[in-house]
Amino acid sequence: MHVSILALGSIDQAVLEDIAARLRRTFPFSIRMGKELQHPEGAYDAQRRQYQAPILLKNMKERKAGKSELILGVTDVDIYAPGLNFVFGVADVTAGVVLISLARLREEFYGHRPDQRLFQERSSKEAIHELGHACGLDHCVDAGCVMYFSNSIKDTDRKGSGFCSRCKDILGL
């Protein structure tokens, strides 16, 4: 099994490399960088000023090489899914394609000064969380587990960056 990290739009390479390094410490997969993709036409909802996550996922799914590949898309735009105001990330579990948005993980989004350490921590938590879904995990009731549902940035900050023992057992880690 391997994970291909795809930038959707322009993403700082150092951010992608940091996510990749943290994924390598968490999962027994090979992690590699894929090609940069542009946001597909029709994904932007001008009324909401956000991108539609299902359209972005579909675009990524069309790039998937095979069953042994998981794709992690990383975008810097704000995304949403039907029925939700926003999402930090989203997964198409059956396709093995996941997406995270960096937009709301940055302190600047909330009117605060940049905090690179906190941003990197949040980014890796969301990437690990979404890949956890792709590996068959549901949301966890343990608030310290990375698979705990993040309804707000405070939830993301509060939860841990690793899997609880129950989730590790399910993954066979």
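The values are calculated or read from the model by the stated rules, or taken from the named source; none is laboratory data. Keep in mind the model is a prediction, meaning the values are calculated, not measured. We place every Cβ from the backbone using ideal geometry, glycine too, and count neighbours over all the protein chains shown.
Would it be correct to say that Ala65 is under 24 Å from Arg32 (Cβ atoms) and in contact with a Gly (Cβ under 6 Å, 6 or more places away or on another chain)?
Details: under 24 Å from Arg32 (Cβ atoms): yes; in contact with a Gly (Cβ under 6 Å, 6 or more places away or on another chain): no.
Taking the combined requirement at face value, the residue does not satisfy it.
Those residues that are within 25 Å of Pro28 (Cβ to Cβ), over 12 Å from the mean Cα position of the chain (by Cα) and either part of a strand (DSSP E or B) or free of Cβ contacts under 8 Å to residues at least 24 places away in the same chain (or both), I need them from the range 4-15; list them, please.
Within the range 4-15, Ser4, Gln13, Ala14 meet the criteria.
Does Phe86 satisfy the condition of being surrounded by fewer than 22 Cβ atoms within 10 Å (Cβ to Cβ), free of Cβ contacts under 8 Å to residues at least 12 places away in the same chain and within 15 Å of the chain's Cα centre (by Cα)?
Values: surrounded by fewer than 22 Cβ atoms within 10 Å (Cβ to Cβ): yes; free of Cβ contacts under 8 Å to residues at least 12 places away in the same chain: no; within 15 Å of the chain's Cα centre (by Cα): yes.
In short, no.
Among the residues of the range 24-31, is any surrounded by fewer than 19 Cβ atoms within 10 Å (Cβ to Cβ) and in a helix (DSSP H, G or I)?
Within the range 24-31 (the criterion being surrounded by fewer than 19 Cβ atoms within 10 Å (Cβ to Cβ) and in a helix (DSSP H, G or I)), the answer is yes, since at least one residue qualifies.
I'm trying to understand the selection: among the residues of the range 118-173, which are among the small types (Gly, Ala, Ser), exposed (fewer than 13 other Cβ atoms within 10 Å of the Cβ) and either within 18 Å of Ala91 (Cβ to Cβ) or touching a His at 6+ places or on another chain (Cβ under 7 Å) (or both)?
Result: Gly136, single match.
Test Ala134 against the criterion of being under 14 Å from the mean Cα position of the chain (by Cα) and at pLDDT below 95, and give yes or no.
Numbers: under 14 Å from the mean Cα position of the chain (by Cα): yes; at pLDDT below 95: yes.
Spelling it out, Ala134 is indeed under 14 Å from the mean Cα position of the chain (by Cα) and at pLDDT below 95.
Scan the range 89-104 and tell me whether some residue there is in a helix (DSSP H, G or I), touching a residue at least 12 places away in the same chain (Cβ under 8 Å), buried (at least 22 other Cβ atoms within 10 Å of the Cβ) and of a type in the set (Lys, Arg).
The first filter runs over the range 89-104 and keeps only residues in a helix (DSSP H, G or I), leaving 103-104.
In the following step, the residues that additionally are touching a residue at least 12 places away in the same chain (Cβ under 8 Å) were identified as 103-104.
Retained after the next criterion (residues that are buried (at least 22 other Cβ atoms within 10 Å of the Cβ)): none.
Looking through the range 89-104, none of the residues is in a helix (DSSP H, G or I), touching a residue at least 12 places away in the same chain (Cβ under 8 Å), buried (at least 22 other Cβ atoms within 10 Å of the Cβ) and of a type in the set (Lys, Arg).
Please specify each residue of the range 16-71 satisfying the condition of being in contact (Cβ under 8 Å) with a residue 60 or more places away in the chain, of a type in the set (Asp, Glu) and out of contact with any helix residue (DSSP H, G or I) (no Cβ under 9 Å at 6 or more places or on another chain). Reasoning before the result, please.
Restricting attention to the range 16-71, the residues satisfying the condition of being in contact (Cβ under 8 Å) with a residue 60 or more places away in the chain are 18-19, 22-23, 26-28, 65, 68-71.
Right, trim to of a type in the set (Asp, Glu) and you get 18, 69.
Glu69 - this is the single residue of the range 16-71 that is in contact (Cβ under 8 Å) with a residue 60 or more places away in the chain, of a type in the set (Asp, Glu) and out of contact with any helix residue (DSSP H, G or I) (no Cβ under 9 Å at 6 or more places or on another chain).
Looking at Lys35, Lys67, which is the one that is out of contact with any strand residue (DSSP E or B) (no Cβ under 9 Å at 6 or more places or on another chain), loosely packed, with under 11 Cβ neighbours inside 10 Å and either more than 23 Å from Phe119 (Cβ to Cβ) or of a type outside the set (S, T, N, Q) (or both)?
None of the other options fit; the residue is Lys67.
Test Val77 against the criterion of being touching a helix residue (DSSP H, G or I) at 6+ places or on another chain (Cβ under 7 Å), in a loop (DSSP other than H, G, I, E, B) and in contact (Cβ under 8 Å) with a residue 40 or more places away in the chain, and give yes or no. Step through it out loud before you land on a result.
Values: touching a helix residue (DSSP H, G or I) at 6+ places or on another chain (Cβ under 7 Å): yes; in a loop (DSSP other than H, G, I, E, B): yes; in contact (Cβ under 8 Å) with a residue 40 or more places away in the chain: yes.
Taking the combined requirement at face value, the residue satisfies it.
Report yes if Gly66 is out of contact with any Ser or Thr (no Cβ under 7 Å at 6 or more places or on another chain), at pLDDT below 95, within 24 Å of Gly160 (Cβ to Cβ) and assigned to a loop (DSSP other than H, G, I, E, B), otherwise no. Show your work before the answer.
On the way: out of contact with any Ser or Thr (no Cβ under 7 Å at 6 or more places or on another chain): yes; at pLDDT below 95: yes; within 24 Å of Gly160 (Cβ to Cβ): no; assigned to a loop (DSSP other than H, G, I, E, B): yes.
So Gly66 does not fit the description; no.
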